[in-house]
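Participant: Here it is, the structure, as structure tokens.
The values are calculated or read from the model by the stated rules, or taken from the named source; none is laboratory data. These figures come from a predicted structure and were not determined experimentally. In this analysis, Cβ positions are derived from the backbone assuming ideal geometry, glycine residues included, and neighbour counts consider all displayed protein chains.
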Amino acid sequence: MQTQLTLNLGIEEKVDVRSLIVHGDIERDVPKAKREQPAPEWGRVLSDDADCAFRRRCGTRSQLMVMLAAQGQCYVLDERTGSRHQLTAARLDSFCKGASGDELTPPWSARPLHEYDSRGRAAVVSLMGCDDFLEMCKRDMVRVEPWAASRMGGNARWNLCGTWEHVSPVWRMVEPAVGHAHAREALSAALRLTDFRGEGRDFACAECFRDRMHVSRLVEGWGRDLTRELLRGYLDACAGHPDTTMADFLPRLSMALRTLAYHDIAVEPRRACEYALHLLEVPAMIRHGRAHNLQVWANCLCEQRDVRGAVTDRYPADLAAIAREMEHERELRRHQASDEAIARRAAELDGKSFKSDGHVIRPAASVQEILDEANAQSNCVAGFIDKYARGDTKIWLMRRADSPDVPLITVEVRDGRIRQAFRSHNRQVTAEQRRVLRDWCSGVGYHAPRDWRMRALGA
């Protein structure tokens, strides 16, 4: 007898369990397909000088980003609703998200806006609110690169505030000489808006814009025409010098002129302009660039007046020679008080003078003689003047008997012992010279060194 199973479902009707058993496949729920979002599309709708506008379409939504440099307006327009919102860094980020290609490249940017990072886009928004930057954009005078904008960030506006007043006159002087494209590259580099790898003339052009404040001062003092000649001469001089030895020409010229004005030394502007350009062709002094010659020139004029009582040569043909003269005369003046003491010392030591085998050894007799010895021998004996005058050391000069006025060996004796004995440029003495010096020491009671391979000692 079969037992009938029933299931009580809490209702009056009883259901047979066997009727609920499924003998086929159970249908599974199929998830509904998600609606695919359309990919955004970008396009340039306006590019007129510095003004530009870009469209972003995504499905039914369409946005227009407008950058009107000429009017100083930047906003985002929702073309469906007609609402306009001021451009911010956040809105610029949203507008550029996912973009590629070159469609989003403003006329004043070297790269598309989507290649700027968040700090760079903040800088773009800041720059579009800077009147000085917009004035330069209107005239196609600058380019911006992403890395430079990223470095400035939201403070970009303040980095460029106040530049237009001094940039514009320099631009009018430089741009005709180098061309618009080169001037734009140089100005962008000077304002640190873009990278720069220029040499020679291009580097000098960037220097003109970088030193625009000094150019403004030159215009005030010399006038626009003469300053223009100076700048063009500077650019031409740099054309043949791909290195940076000309750098700082304008600041150094400005400083030299201020130094001369402070000391009431007058120079004729045109002659000074020609001489300044001439100094750029003079070889650079040791460890200095050619522009350093300008400061040497100013110092020489001041020293002429201080040492000689008047400026005797305002535009020296051989600047290096007169610089050495002035240094020599300055040292001589500084040690004038020691001259009498040295003369007395030489008289006291004269009894130990020596003559043998075609050589003479005698004490230094004056400050002038020691300075001449230092110049001729290229050594540091001038630093011993004060010690010699005080009696702390003794300075002896060894010469050939047939050329008593030509320096040969400079000797320092301290505490009865030869401390130093060198030929010019601190070269070691020869075997013959050592023998003469040894004979002299034996005669006057000085101690000769055992090892004549000496090391030069400072004062």
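Participant: Among the helices (runs of 4 or more DSSP H) confined wholly to the stretch 214-322, which include 3 or more residues that are over 22 Å from the mean Cα position of the chain (by Cα) and farther than 22 Å from ALA204 by Cα?
Facilitator: Per the criteria, 249-262, 292-303.
Participant: Picking from PHE354, PHE384, which residue would you name as being under 22 Å from CYS441 (Cβ atoms) and touching a helix residue (DSSP H, G or I) at 6+ places or on another chain (Cβ under 6 Å)?
Facilitator: Matching residue, one of PHE354, PHE384: PHE354.
Participant: Name the single residue, out of those in the stretch 271-296 being in contact (Cβ under 8 Å) with a residue 24 or more places away in the chain and loosely packed, with under 13 Cβ neighbours inside 10 Å, that is nearest to MET246 (Cα to Cα).
Facilitator: Residue satisfying both the conditions and the ranking: GLU281.
Conditions (1) in contact with a helix residue (DSSP H, G or I) (Cβ under 7 Å, 6 or more places away or on another chain); (2) at pLDDT 90 or above; (3) of a type in the set (A, V, I, L, M); (4) under 21 Å from LEU127 (Cβ atoms), marked per residue:
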{"residue": "ILE21", "(1), (2), (3), (4)": "no, no, yes, no"}
{"residue": "ARG28", "(1), (2), (3), (4)": "no, no, no, no"}
{"residue": "ARG35", "(1), (2), (3), (4)": "no, no, no, no"}
{"residue": "THR60", "(1), (2), (3), (4)": "no, no, no, no"}
{"residue": "LEU68", "(1), (2), (3), (4)": "no, yes, yes, yes"}
{"residue": "SER83", "(1), (2), (3), (4)": "no, yes, no, no"}
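Participant: Just a yes or no: is a residue in the stretch 149-159 over 25 Å from the mean Cα position of the chain (by Cα), in the same structural domain as CYS58 (by TED's automatic domain parsing) and closer than 30 Å to ALA39 by Cα?
Facilitator: No: the stretch 149-159 contains no residue that is over 25 Å from the mean Cα position of the chain (by Cα), in the same structural domain as CYS58 (by TED's automatic domain parsing) and closer than 30 Å to ALA39 by Cα.
Participant: Moving on to the next point. Name the single residue that is nearest to ASN299 (Cα to Cα) among those in the stretch 323-364 being more than 52 Å from the chain's Cα centre (by Cα) and small (Gly, Ala, Ser).
Facilitator: Ranking the qualifying residues of the stretch 323-364, first place goes to ALA347.
Residues are listed down the side, and each one gets a yes or a no for (1) within 19 Å of LEU332 (Cα to Cα); (2) among the aliphatic types (A, V, I, L, M); (3) surrounded by fewer than 20 Cβ atoms within 10 Å (Cβ to Cβ); (4) not assigned by TED's automatic domain parsing to the domain that holds ALA320:
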| site | (1), (2), (3), (4) |
| --- | --- |
| ILE342 | yes, yes, no, yes |
| ALA347 | no, yes, yes, yes |
| ASP357 | no, no, yes, yes |
| PRO363 | yes, no, no, yes |
| VAL381 | yes, yes, no, yes |
| LYS387 | yes, no, yes, yes |
| ALA401 | no, yes, yes, yes |
| ASP415 | no, no, yes, yes |
| ARG423 | no, no, yes, yes |
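Participant: Let me ask another. Among the residues of the stretch 426-433, is there at least one that is among the acidic types (Asp, Glu) and farther than 20 Å from SER356 by Cα?
Facilitator: Taking every residue of the stretch 426-433 in turn, none turns out to be among the acidic types (Asp, Glu) and farther than 20 Å from SER356 by Cα.
Participant: Oh, and also: Out of all the residues in the stretch 197-213, which are assigned to a helix (DSSP H, G or I) and either buried (at least 16 other Cβ atoms within 10 Å of the Cβ) or not assigned by TED's automatic domain parsing to the domain that holds VAL267 (or both)?
Facilitator: Those that are assigned to a helix (DSSP H, G or I) and either buried (at least 16 other Cβ atoms within 10 Å of the Cβ) or not assigned by TED's automatic domain parsing to the domain that holds VAL267 (or both): ARG201, ASP202, PHE203, ALA204, CYS205, ALA206, GLU207, CYS208, PHE209, ARG210, ARG212.
Participant: Need pairs with beta-carbon distance below 8 Å; first residue in contact (Cβ under 8 Å) with a residue 40 or more places away in the chain and of a type outside the set (Lys, Arg) and within the stretch 115-126, second buried (at least 20 other Cβ atoms within 10 Å of the Cβ) and part of a helix (DSSP H, G or I); sequence gap 6+ or separate chains.
Facilitator: These pairs meet every condition: VAL125/LEU92.
Participant: Which condition number does ARG427 fail, the rest of (1) over 27 Å from ALA337 (Cα atoms); (2) free of Cβ contacts under 8 Å to residues at least 24 places away in the same chain; (3) more than 40 Å from the chain's Cα centre (by Cα) being met?
Facilitator: (3)
Participant: So, one more: When you go through (1) surrounded by 13 or more Cβ atoms within 10 Å (Cβ to Cβ); (2) not assigned by TED's automatic domain parsing to the domain that holds LEU134 one by one for ARG57, which number turns out not to apply?
Facilitator: Here ARG57 meets the rest and fails (2).
Participant: Related question: Would you please name the residue that is surrounded by the fewest Cβ atoms within 10 Å (Cβ to Cβ), looking only at residues in the stretch 297-334 that are among the β-branched types (Val, Ile, Thr) and in contact with a Lys or Arg (Cβ under 7 Å, 6 or more places away or on another chain)?
Facilitator: Among those residues, the one meeting the criterion is VAL307.
Participant: Which one is surrounded by the fewest Cβ atoms within 10 Å (Cβ to Cβ) among residues in the stretch 403-413 that are touching a strand residue (DSSP E or B) at 6+ places or on another chain (Cβ under 9 Å) and within 15 Å of HIS359 (Cβ to Cβ)?
Facilitator: So, considering only residues that are touching a strand residue (DSSP E or B) at 6+ places or on another chain (Cβ under 9 Å) and within 15 Å of HIS359 (Cβ to Cβ), the one surrounded by the fewest Cβ atoms within 10 Å (Cβ to Cβ) is ASP405.
Participant: Quickly run through the stretch 102-126 and pick out the residues that are assigned to a helix (DSSP H, G or I) and not acidic (Asp, Glu).
Facilitator: LEU113, HIS114, SER118, ARG119, GLY120, ARG121, ALA122, ALA123, VAL124, VAL125, SER126
Participant: Quick check on the stretch 135-183: of everything there that is of a type in the set (Val, Ile, Thr) and outside any loop (DSSP other than H, G, I, E, B), which residue is farthest from TYR234 (Cα to Cα)?
Facilitator: VAL144
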